[in-house]
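See below for the structure under consideration.
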Amino acid sequence: MANEARVFAEGVDQVIVRQFTVADATALPKGTLMVSSVATNRTAVVHASYRQRPLGFTVSSKTASDGQTEIGLQRTGVVNAYVDGNAEAGMIAVLGTTANRVKALTDNNISAYEDMQAVLGRFIENAADGEQARVALTLG
């Protein structure tokens, strides 16, 4: 994979990590953006597109077919995430169109219900396309 975020970017104080089920056959680098499988309760899959529901970023790595079927996902605190497009501090962060990236919610896409389901938190610094930016997560 590529574009993994740096989790615990400002330490582990006040960070919520929750356990989710993942497929045993899936390899997951630390910092992978995970989304809801929708079909199965409390099950996470790797982010692939914009119209998904974010669950958080993996806080550890997982090897494919290692017998591990649960992994912790960072849901609050700050991560350094790769950005699709440009983002400015204070803008709402949503799932990006590129796997493992986030983007800023703009006037061009704020009206759709699906956009609100994709909200991760807020950017706390500026970034250009392909750069990393700190994002304060609000997934709870």
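Miscellaneous remarks
- ASN86-ASP129 pseudo-label distance in nm [points 7 Å out on the Cα-to-Cβ vector]: 1.1 nm
- Calculated log10 I(q)/I(0) by the Debye sum over Cα atoms at q = 0.09, 0.10, 0.11 Å⁻¹ (choose from (1) -0.37, -0.45, -0.54; (2) -0.23, -0.29, -0.35; (3) -0.70, -0.74, -0.77), label: (2)
- Burial order of peptide ranges 54-65, 7-18 (average beta-carbon count within 10 Å, highest first): 54-65, 7-18
- Less than 5 angstrom separates the built amide H of LEU55 from those of MET34, VAL35, SER36, all sequence-distant by 5 or more or on a different chain.
- Taking each DSSP H run with n ≥ 4 as -39500 (n - 2.57) and averaging over every residue of the chain yields -500 deg cm²/dmol at 222 nm.
- Residue by residue, segment 24-41 carries 3J(HN,Hα) couplings of 4, 6, 8, 8, 9, x, 4, x, 6, 7, 10, 10, 6, 6, 6, 6, 10, 4 Hz when phi is fed to the Karplus relation 6.51 cos²θ - 1.76 cosθ + 1.60 (θ = phi - 60°); x denotes Gly or Pro.
- Formal net charge of residues neighbouring VAL22 (Cβ-Cβ distance under 9 Å; K, R +1; D, E -1): -1
- Where labels lie 7 Å past Cα in the beta-carbon direction, separation of ARG51 and ASP107 in nm: 2.6 nm
- Residue-by-residue Karplus 3J(HN,Hα) for segment 124-134, coefficients 6.51, -1.76, 1.60, Hz, glycine and proline x: 10, 7, 7, 7, 9, 3, x, 8, 8, 9, 6
- Amide N proximity, segment 33-56 versus ALA2 label position 7 Å along Cα-to-Cβ, cut-off under 17 Å: 33, 47-49
- At an R0 of 25 angstrom, the distance between the Cβ atoms of VAL38 and GLN68 translates into a FRET efficiency of 0.70.
Read-outs throughout are calculated quantities, based only on the coordinates presented, and are distinct from any laboratory measurement. Just so it is clear, the model here is predicted, and its values are computed rather than measured. Using ideal geometry, Cβ is built from the backbone for each residue, glycine included, and neighbour counts are taken over all protein chains shown.
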